[in-house]
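Below you'll find the structure I mean.
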Amino acid sequence: MTTAPPNVTFVGAGPGAAEHLTLGALRVLQTADVVIHDRLVGPEVLDLIPRHVMRVDVGTAGFGPSTSQATINATLVAHALTGARVVRLKGGDCGIFGRLDEEIAALEAAGLPFRILPGLTTAAAAAAAIGQSLTGRGRNVALRIVTGHDMQGYAEQDWRGLARKQEVAAIYMGKKSARFLQGRLIMHGADPATPVSIVENASRADQRIIGTTLSHLPAAIAPCDGPAIILFGLAPRQAAVSLQRVQA
Ligand code: SAH
């Protein structure tokens with residue numbers, strides 16, 4: 001068995017569409033022995049893994065049932081120790097809310113080398129879907145990448161900063177925390193009429209775009225049962241797509 005380093009490659013799969021997979025990612029998938037993947041990796045991407053490659057689903061979902069991080073780490077290390085070429089495939093970019101550090105620490109503890117192939121993060125695909133840019137001259141000089149919850153529960157943020165006019169934030173894992181986010185932002189002075197776009201299943205065949213405002217955010221996101229990202233401070237452009245608007 002060969003043990004030529006590195007035998008573990010962390011790969012960002014992008015948000016779902018096969019066309020968002022990098023060429024590097026495709027190459028390592030085609031030469032892998034084992035692919036360990038999350039639930040967020042889209043079916044179009046999974047279809048590109050050759051049939052003979054062993055697949056291990058370690059699906060993790062925000063609040064839902066999921067494989068524990070300790071089990072994922074142990075699975076990764078166990079496969080890598082056999083000398084197999086292991087791809088650890090994560091949705092979007094593996095370095096954004098992807099628990100990458102925990103897995104790297106496990107590999108380091110076992111003395112196993114690794115490399116990282118970045119992927120397209122959901123915020124980029126979602127902004128493209130609504131026909132907007134994430135930064136805008138004269139609008140926002142910074143883009144905040146925010147999570148709705150962390151290990152302690154709903155995540156605290158620099159609400160005062162976020163609530164300022166023309167701020168833009170890409171909010172990941174914001175479904176369960178939508179009412180909390182709304183409350184904190186309004187409490188810190190955000191305009192309830194601030195535009196908000198929700199993109200569910202970004203880049204996938206069942207992509208759905210919901211244009212709304214901060215005041216309607218919880219009601220607007222409630223019907224989403226796929227992964228959804230909130231683009232705070234951005235409205236969908238009319239011309240970009242056919243839109244579903246929620247003002248309920
Ligand atoms: N590493 C990923 C993010 C993982 S955190 C990335 O870079 O995109 C999981 C959150 O990402 C989900 O709760 C959701 O908010 C968002 N997400 C992932 N894939 C998505 C998709 N295809 N459409 C919309 N949101 C998505």
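Residues of segment 171-208 being within 26 Å of A13 (Cβ to Cβ) and basic (K, R), which ones?
Across segment 171-208, the qualifying residues are K175, K176, R204, R208.
Now for a different question. If you go through segment 170-193 one residue at a time, how many are without any contact (Cβ under 8 Å) to a residue 40 or more places away in the chain and of a type in the set (K, R)?
2
Which residue is farthest from the chain's Cα centre (by Cα), if the candidates are limited to segment 18-40 and must be modelled with pLDDT of 95 or more and closer than 19 Å to I96 by Cα?
Per the stated criteria, the residue is G24.
For segment 208-217, how many residues are away from the ligand (no atom under 16 Å from the Cβ) and in contact with a helix residue (DSSP H, G or I) (Cβ under 7 Å, 6 or more places away or on another chain)? It would help to see each step written out before you state the result.
Taking segment 208-217 and keeping what is away from the ligand (no atom under 16 Å from the Cβ), we get 213-216.
Now narrow it down to the ones that are in contact with a helix residue (DSSP H, G or I) (Cβ under 7 Å, 6 or more places away or on another chain): 214.
Residues that pass the stated criteria total 1.
Taking the criterion of being outside any loop (DSSP other than H, G, I, E, B), modelled with pLDDT of 95 or more and on the phi > 0 side of the Ramachandran plot, would at least one residue in segment 9-16 satisfy it? Don't jump to the end; show me each part of the working.
Kept after step one, since they are outside any loop (DSSP other than H, G, I, E, B), are these residues of segment 9-16: 9-12, 14.
Next, from what is left, pick out any that are modelled with pLDDT of 95 or more: 9-12, 14.
Then keep just the ones that are on the phi > 0 side of the Ramachandran plot; that gives 14.
Yes; the residues of segment 9-16 include at least one that is outside any loop (DSSP other than H, G, I, E, B), modelled with pLDDT of 95 or more and on the phi > 0 side of the Ramachandran plot.
Checking the structure you have, find out if any residue of segment 187-207 is over 17 Å from the mean Cα position of the chain (by Cα), within 16 Å of the ligand (Cβ to nearest atom) and modelled with pLDDT of 95 or more.
yes
Ok, one more. Checking the condition away from the ligand (no atom under 11 Å from the Cβ) and closer than 25 Å to G211 by Cα, which residue from A127, A78 passes? If you could, list the steps in order and put the result at the bottom.
On the way: A78 fails: closer than 25 Å to G211 by Cα.
None of the other options fit; the residue is A127.
Could you run through segment 133-150 and say how many residues are under 25 Å from K176 (Cβ atoms) and either not assigned by TED's automatic domain parsing to the domain that holds L162 or not acidic (D, E) (or both)?
Our first condition is that a residue be under 25 Å from K176 (Cβ atoms); within segment 133-150, this holds for 134, 143-150.
Restricting the remaining residues to those that are either not assigned by TED's automatic domain parsing to the domain that holds L162 or not acidic (D, E) (or both) gives 134, 143-149.
Within segment 133-150, residues that are under 25 Å from K176 (Cβ atoms) and either not assigned by TED's automatic domain parsing to the domain that holds L162 or not acidic (D, E) (or both) number 8.
Tally the residues that are of a type in the set (S, T, N, Q) and crowded, with 16+ Cβ neighbours inside 10 Å, restricting the search to segment 11-36.
Let us first name the residues in segment 11-36 that are of a type in the set (S, T, N, Q), namely 22, 30-31.
Checking which are crowded, with 16+ Cβ neighbours inside 10 Å leaves us with 22.
Residues that pass the stated criteria total 1.
The values are calculated or read from the model by the stated rules, or taken from the named source; none is laboratory data. Predicted model, so just to flag it, every value in this text is computed and none were measured. No Cβ is skipped: glycine too gets one built from the backbone with ideal geometry, and neighbour counts run over all protein chains shown.
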